[in-house]
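The structure under discussion appears below in the form of structure tokens.
The values are calculated or read from the model by the stated rules, or taken from the named source; none is laboratory data. Predicted model only: the values in this text are computed from it and were never measured. Neighbour counts are summed over all protein chains in view; Cβ atoms, including those assigned to glycine, are modelled from backbone coordinates with ideal geometry.
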Ligand SMILES: C[S@@+](CC[C@H](N)C(=O)[O-])C[C@H]1O[C@@H](n2cnc3c(N)ncnc32)[C@H](O)[C@@H]1O
């Protein structure tokens, strides 16, 4: 995420995906003109859509290069360097909507994912929403198989030469990356951290099923009824086979402590004056 190539690739985009459109349409009426935090803003793909909901917007990223490119693209918006694992620059209850799009939350290990979820919960106002996407453990990409890069056939000899050289270069990079990262994979019952095809096997990514993701959100303190979408933008109850799932999870209106206090308050004595 720090290379010129990655920054340029992300800085060209503006379009929302179908599930992002579905969930943002649902959230927009309650989020209108309320503070929004866009974590892992990258090259700024989501800036236009989110600032159309509220001008009270801040985008953060732990890649300084991404923050610089966003500041150039949208000079009238606020961007800051921050790591989602420690959002200490923001006080509790600062935002109504927090987004972490394009599986950005999947770029850290399990311990750090929980830190991020806790930080998001902390900076949300009660009743606020967290919109994020995650790699789906029930997708065929979870099979662990090595895949060669794609190669598009052509009858043009010059093009064939260029494509052949690119195919060879990518294959070598894939084999090298695979050897380095495969031994670092983590496979657990509730989740897996896998060396998948992304960036020519150059990274480890977190995979989880919808059911387990819902459980994880509740364990951290979010409401149990997170809304989920598949890649077509349809709302789903059970897991899909798509490589990613989008979710919108609410922070409860009452904290767990407040709920515990309420449930331990003894009932008032019966009214004997009737
Ligand atoms: C896959 S890119 C998506 C960029 C943009 N949100 C989009 O949808 O096009 C993920 C972004 O999240 C950022 N990121 C990943 N982990 C992060 C963390 N712990 N704190 C802040 N940013 C993070 C990366 O630097 C990268 O810019």
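Are there any pairs with C-beta distances below 7 angstrom linking a residue in the stretch 57-68 that is touching a residue at least 12 places away in the same chain (Cβ under 8 Å) and more than 19 Å from residue 95 (Cα to Cα) to a residue that is within 9 Å of the ligand (Cβ to nearest atom) and assigned to a helix (DSSP H, G or I), with the two at least 6 apart or on different chains, and if so which?
As it stands, the answer is 65/7; 66/7; 66/10, since those pairs meet every condition given.
Does the stretch 104-114 include one or more residues that are over 15 Å from the mean Cα position of the chain (by Cα) and either assigned by TED's automatic domain parsing to the domain that holds residue 126 or near the ligand (Cβ under 9 Å from one of its atoms) (or both)?
Checked against the condition, which is being over 15 Å from the mean Cα position of the chain (by Cα) and either assigned by TED's automatic domain parsing to the domain that holds residue 126 or near the ligand (Cβ under 9 Å from one of its atoms) (or both), the stretch 104-114 yields at least one hit.
Considering only the stretch 36-53, state which residues are more than 19 Å from residue 117 (Cβ to Cβ), touching a residue at least 24 places away in the same chain (Cβ under 8 Å) and more than 10 Å from the ligand (Cβ to nearest atom).
Selection gives 48, 49, 50, 51, 53.
Checking residue 76 against (1) without any contact (Cβ under 8 Å) to a residue 24 or more places away in the chain; (2) away from the ligand (no atom under 16 Å from the Cβ); (3) buried (at least 17 other Cβ atoms within 10 Å of the Cβ), only one condition comes out false. Which one?
(3)
Kindly provide the set of residues from the stretch 19-35 that are more than 10 Å from the ligand (Cβ to nearest atom), assigned to a helix (DSSP H, G or I) and buried (at least 18 other Cβ atoms within 10 Å of the Cβ), ordered by number.
19, 22, 23, 24, 27, 31
Quick check, is residue 86 in contact (Cβ under 8 Å) with a residue 12 or more places away in the chain, within 11 Å of the ligand (Cβ to nearest atom), assigned by TED's automatic domain parsing to the domain that holds residue 249 and loosely packed, with under 15 Cβ neighbours inside 10 Å?
Judged against the criteria, residue 86 is a match.
Are there helices (runs of 4 or more DSSP H) fully within the stretch 164-272 with at least 1 residues that are closer than 20 Å to residue 120 by Cβ, in contact (Cβ under 8 Å) with a residue 60 or more places away in the chain and touching a strand residue (DSSP E or B) at 6+ places or on another chain (Cβ under 8 Å)? List them.
Because the criterion is at least 1 residues that are closer than 20 Å to residue 120 by Cβ, in contact (Cβ under 8 Å) with a residue 60 or more places away in the chain and touching a strand residue (DSSP E or B) at 6+ places or on another chain (Cβ under 8 Å), the helices (runs of 4 or more DSSP H) in the stretch 164-272 that meet it are 210-220.
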